[in-house]
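Right, one structure below, let's go through it.
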Amino acid sequence: MANPYYGSGPLRSREGLTARSSTGTDEIQLRIDPMHDDLDEQITGLHSKIRQLKGVAQEIDSEAKFQNDFISQLQMTLIKVQAGVKNNIRRMDKKIFKQGSNHVVHVILFVLFCFLVVYLLSKFSRR
């Protein structure tokens, strides 16, 4: 039975192990390819890559913590600024209301003066 994933040989694997059935017996012979003898070197290489990845992960973690702290500080600053703006708006509203009432009185007096002038002009122009 041929394994369609690893080639045409029976029980062929990617690791270089091959099984050959002998004619007439139930024995299986295994042969290890010499190019895979350096498994220890590959394992050592993988360990170094894992250490590098661990270092990168720790750097990412420390950067994420730093950015999280920075964002928290920005949020606190924004809350303080928002409170300051609200207080300033309240103060301005009070000042505008106090000054606005005088302004409204001036506008009303001006309008009354204009009506008086128009009334007097229309009354004297009829004569």
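The values are calculated or read from the model by the stated rules, or taken from the named source; none is laboratory data. Predicted model, so just to flag it, every value in this text is computed and none were measured. Surface areas here come from the heavy atoms of the whole protein model, side chains and all, with no ligands, DNA or RNA. Shrake-Rupley method; radii C 1.70, N 1.55, O 1.52, S 1.80 Å.
Can you tell me which residue among Ile89, Ile43, Ile71 is part of a helix (DSSP H, G or I) and at pLDDT 90 or above?
Working: Ile89 fails: at pLDDT 90 or above; Ile43 fails: at pLDDT 90 or above.
Exactly one residue qualifies, and that residue is Ile71.
If you go through the stretch 3-19 one residue at a time, do you hit one that is of a type in the set (Asp, Glu) and either at pLDDT 85 or above or not in a helix (DSSP H, G or I) (or both)? Quick ask: steps written out before the conclusion?
Our first condition is that a residue be of a type in the set (Asp, Glu); within the stretch 3-19, this holds for 15.
Subsequent filtering for residues that are either at pLDDT 85 or above or not in a helix (DSSP H, G or I) (or both) retains 15.
Yes, the conditions are met somewhere in the stretch 3-19.
For every residue, the table says whether it meets (1) aliphatic (A, V, I, L, M); (2) modelled with pLDDT of 90 or more; (3) open to solvent by 100 Å² or more (accessible area, probe 1.4 Å); (4) part of a helix (DSSP H, G or I).
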| site | (1), (2), (3), (4) |
| --- | --- |
| Thr77 | no, yes, no, yes |
| Val81 | yes, yes, no, yes |
| Tyr119 | no, yes, yes, yes |
| Phe124 | no, no, yes, yes |
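Quick check on my filter: what residues within the stretch 83-108 are within 38 Å of the chain's Cα centre (by Cα) and open to solvent by 100 Å² or more (accessible area, probe 1.4 Å)?
Lys86, Arg90, Arg91, Met92
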